[in-house]
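*Asks:* Following this message is one structure expressed as structure tokens.
What follows draws every value from the coordinates through simple rules; no lab data is involved. Since we're looking at a predicted model, the values are computed, not measured. Using ideal geometry, Cβ is built from the backbone for each residue, glycine included, and neighbour counts are taken over all protein chains shown.
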Amino acid sequence: MNDGHGDVSVDELRLSEELAGAGTVASSAEIAEYALWLGDDALILAQQLGEWISRAPELEEDVALGNIALDLLGHARSLLRFAGTFDGRSEDDLAYFRDEPEFRSAWIVEQPNGDFAQTIARQFVVSTYMFELYSALRASTDETLAAIAEKALKEVDYHRDHSVQWVLRLAGGTDESRRRIIRAFADLWPYTDELFRDEPLLERLGDAAVRPSTLRPGFDAVVDTVFAEAELSVPVVAASSAGGRHGAHATPLGHVLAEMQVLARRHPGASW
């Protein structure tokens, strides 16, 4: 994969050095599984956002959403590369040659783009969660995860701000834009809970990982502030039974993977 950013080679060199010095932690299958969780979230969301290029409501949004997608692709590359150090698979192997049950992405990033309000609502939830996640993960006892989090946080800070500004703009715009953002949050809110579920894997990883439940207060504080300004109410809905961390996915992921993987699978080993 290539995220198109000019500093990739520098990051790759730095991460290679960190991986070489990570010792027994870098060979842990459980650390690799955790890196897949985070990497798959970033990868699938990047693929989804890329579909807006040339389709966004404003030319500036073509650029903005494209850049956010590239940032997320960069996060995914770093995390999948790290996950692959356990069994020798490359980032491309993990992105293009795993089947649906092998992915560990949360259901919310798999939800269809829908209209622009649906995409913005999804981006607001995920980027707010990611900001809390990477803020905490900088203290990971795994040096590679901590380094990835440090770089990703600076970019996710922009992603969050971008989505906040659009939530406010849509909620305070026309009757139609307000109706759509309200509907979008109602549709997506059942999938929010999965992001904050503690799993047995995290108990075994200890301070190398971040317990998702500890991120909920910071997430809720941002949501409450933004929703108060936008005069929105937090949807009261039942949580979904989402099981993406265990390879149980909703129908939309299959469509995303089919488009993302078709070229690599049809022409394995191709280069240009």
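*Asks:* Enter the angle in degrees (range 0 to 90, nearest 10) between the Cα long axis of helix 251-266 and the first principal axis of the Cα atoms of the chain, meaning the one along which they spread out most.
*Replies:* Tilt of helix 251-266: around 40 degrees.
*Asks:* Provide the net charge surrounding residue 162, with neighbours chosen by a C-beta distance below 15 Å and charges set as Lys +1, Arg +1, Asp -1, Glu -1.
*Replies:* Working: positive: 122, 154, 160, 169; negative: 58, 60, 61, 62, 71, 155, 157, 161.
Around residue 162, the surrounding residues sum to -4.
*Asks:* Mind checking which of 209, 139, 76 has the largest fluctuation in a GNM of the chain, springs on alpha carbons under 10 Å?
*Replies:* Taking springs between Cα atoms under 10 Å, the residue moving most is 139.
*Asks:* Can you give the Rg to Rh ratio for the stretch 210-258, taking only C-alpha atoms and Rh from Kirkwood? Walk me through the intermediate numbers first.
*Replies:* Values: Rg = 15.2 Å, Rh = 13.8 Å.
Ratio of gyration radius to Kirkwood radius for the stretch 210-258: 1.10.
*Asks:* Just flag the GluC sites (Glu not before Pro) in the stretch 165-272 sitting in loop per DSSP whose Cβ has no more than 10 other Cβ atoms within 10 Å.
*Replies:* Values: sites: 176, 194, 203, 229, 231, 259; in loops: 231.
Those satisfying the criteria are 231.
*Asks:* Give the distance, in whole Å, between the Cα centre of the stretch 165-197 and the Cα centre of the stretch 38-114.
*Replies:* After rounding, the separation between the Cα centres reads 22 Å.
*Asks:* If you don't mind, another one. What ranking of 110, 58, 199 emerges when the number of other C-beta atoms within 10 Å of each C-beta is taken as an exposure proxy, fewest first? It would help to have the intermediate numbers written out before the result.
*Replies:* Values: 110 27, 58 9, 199 16.
The order, fewest Cβ neighbours first, is 58, 199, 110.
*Asks:* Would you look at the GNM of the chain, springs on alpha carbons closer than 10 Å, and say which of 162, 246, 255 moves the most?
*Replies:* Comparing 162, 246, 255 in a Gaussian network model of the chain, the most mobile one is 255.
*Asks:* Please arrange 34, 134 by counting, for each residue, the other beta carbons lying within 10 Å of its beta carbon, fewest first.
*Replies:* Values: 34 28, 134 24.
With the sparsest Cβ surroundings first, the list reads 134, 34.
*Asks:* Here is a follow-up. Taking every alpha carbon pair in the stretch 8-266, what does the distance histogram look like in 5 angstrom bins from 0, in percent?
*Replies:* Whole-percent P(r) values from 0 Å outward: 1, 6, 13, 18, 20, 18, 12, 7, 3, 1, 0, 0.
*Asks:* Another one. Working from Cα positions, state the angle (0 to 90°, nearest 10) between the long axis of helix 216-230 and the longest principal axis of the chain.
*Replies:* It works out to around 30 degrees.
*Asks:* On a 0 to 90° scale, report how tilted helix 143-171 is relative to the longest principal axis of the chain, with both axes built from alpha carbons and the result rounded to the nearest 10.
*Replies:* Value to nearest ten degrees: 10.
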